[in-house]
Structures are given as structure tokens and as C-alpha cells.
1. Restricting to Cα atoms and excluding each atom paired with itself, what does the Kirkwood estimate give for the chain in Å?
2. Note down the relative contact order for segment 1-60 as a percent, whole number, built from C-alpha pairs under 8 angstrom at least six residues apart.
3. With everything on Cα atoms, drop me the angle between helix 3-16 and the longest principal axis of the chain, reported from 0 to 90° to the nearest 10.
4. Can you give the helix-only mean residue ellipticity at 222 nm for the chain, where every DSSP H stretch with n ≥ 4 adds -39500 (n - 2.57) and the sum goes over all residues, rounded to the nearest 500 deg cm²/dmol?
5. As I understand it, the value is the acute angle between the Cα axis of helix 23-36 and the longest principal axis of the Cα atoms of the chain; what does it come to in degrees, rounded to 10?
6. Which residue fluctuates the most in the chain, going by a Gaussian network model with Cα springs under 10 Å, if the choices are 65, 14, 39?
């Protein structure tokens with residue numbers, strides 16, 4: 001089954017469930033969750049099929065929500 005066929009199946013099933021979803025979103029979520037749970041970046045790159053670790057490293061960059069939470073954790077009320 002081609003990657004395009006998988007994406008079409010995922011999109012069709014998602015639509016039937018009133019969700020907006022694609023195979024790429026599932027893959028991105030999978031890789032992000034592995035990285036954030038502490039999995040080795042080389043292992044994650046292998047599982048994701050990335051040829052370069054820089055591609056996988058992008059998934060470990062903090063989101064704006066991560067940055068906001070970090071700032072909130074150090075704010076002191078006066």
C-alpha cells in the first residue's frame with residue numbers, strides 16, 4: 001500500500017468521525033510524543049524514516065505553549 005493510499009484511508013475515516021486528520025498529522029504526533037517522552041533521537045529518527053537527525057530534532061524544539069509555561073513557572077507575584 002502506498003503512502004498516498006494510507007493517507008486517503010486515514011482522511012476518509014477521519015471525515016466519517018468528523019475529524020480533520022491526515023497520515024502526516026498522525027506521524028507528526030507519533031514522533032513528537034516519542035521525543036517528548038524521552039526516547040532516543042536516533043531511535044526516533046529510525047522509526048520515522050528520517051535520513052537526517054536534523055529533521056528529527058525539529059520535533060524536539062519547544063512550542064510557544066512550552067515557552068509560555070516555562071515563563072509562567074518562574075513568575076513571582078509581588
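Bear in mind that the values in this text are calculations on the coordinates, not laboratory data. No experiment lies behind these values; they were computed from the predicted model shown.
1. This gives a value of 14.8 Å.
2. That works out to 24 percent.
3. The angle comes out near 80 degrees.
4. On the way: 5 runs with 52 residues, N = 78.
Calculated mean residue ellipticity at 222 nm is -20000 deg cm²/dmol.
5. 40
6. 65
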